[in-house]
Amino acid sequence: QVQLVESGGGLVQAGGSLRLSCTASGITFSLYAISWYRQAPGNQRELVAVGSRGGTINYDDSVKGRFTISRDNAKKTAYLQMNNLKREDTAVYYCKAALAGAEYWGQGTQVTVSS
């Protein structure tokens, strides 16, 4: 059974930092591209960052220079380091593992940025 579990969300003041983790089980993690999405209330889910298994990384313009995606294949864990957080970063954050048309999602972790 495939499972992705996010953790690390919480309440932080604007300008602060959080590191989200996404730990996988049931898949050969190193083969999968890992993406991070977020969904704010009333909004559609949007792509924040994506990291291919080969190391290519792309970020949405809204987080470039503030967010960093990384992964530790030995631990089957991906990370999203979020610095200089803004109120508009408030959302539920999800990780997704994708390979050849197969996709697996985590349950999400809430990030709330206060002013």
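The values are calculated or read from the model by the stated rules, or taken from the named source; none is laboratory data. What you see is a predicted model; the values in this text were computed from it and never measured. So basically every Cβ, Gly included, is an ideal-geometry build from the backbone, and we count neighbours across all protein chains shown. Note: accessible area is taken over every heavy atom of the protein model, side chains too, but ligands, DNA and RNA are not part of it. Shrake-Rupley method; radii C 1.70, N 1.55, O 1.52, S 1.80 Å.
Structure above, values below:
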quantity: Simple Cβ-charge dipole of the chain, Lys/Arg +1 and Asp/Glu -1, about Cα centre, in debye nearest 20; calculated: 200 debye
quantity: Separation in nanometres of the label points that stand 7 Å from Cα toward Cβ, at residue 27 and residue 61; calculated: 2.9 nm
quantity: Carbon/sulfur fraction of accessible area - the chain, other protein chains in place, 1.4 Å, %; calculated: 46 percent
quantity: With DNA, RNA and ligands ignored, accessible area of residue 71 (1.4 Å probe; Å², nearest 10); calculated: 70 Å²
quantity: Computed over the chain: relative contact order in percent, which uses C-alpha pairs under 8 Å that are six or more apart; calculated: 36 percent
quantity: For the stretch 1-100, accessible area per residue (1.4 Å probe, heavy atoms of protein chains only), Å²; calculated: 52 Å²
quantity: Largest-first ellipsoid semi-axes for the chain, taking √(5λ) over the Cα gyration tensor eigenvalues, angstrom; calculated: 23, 14, 13
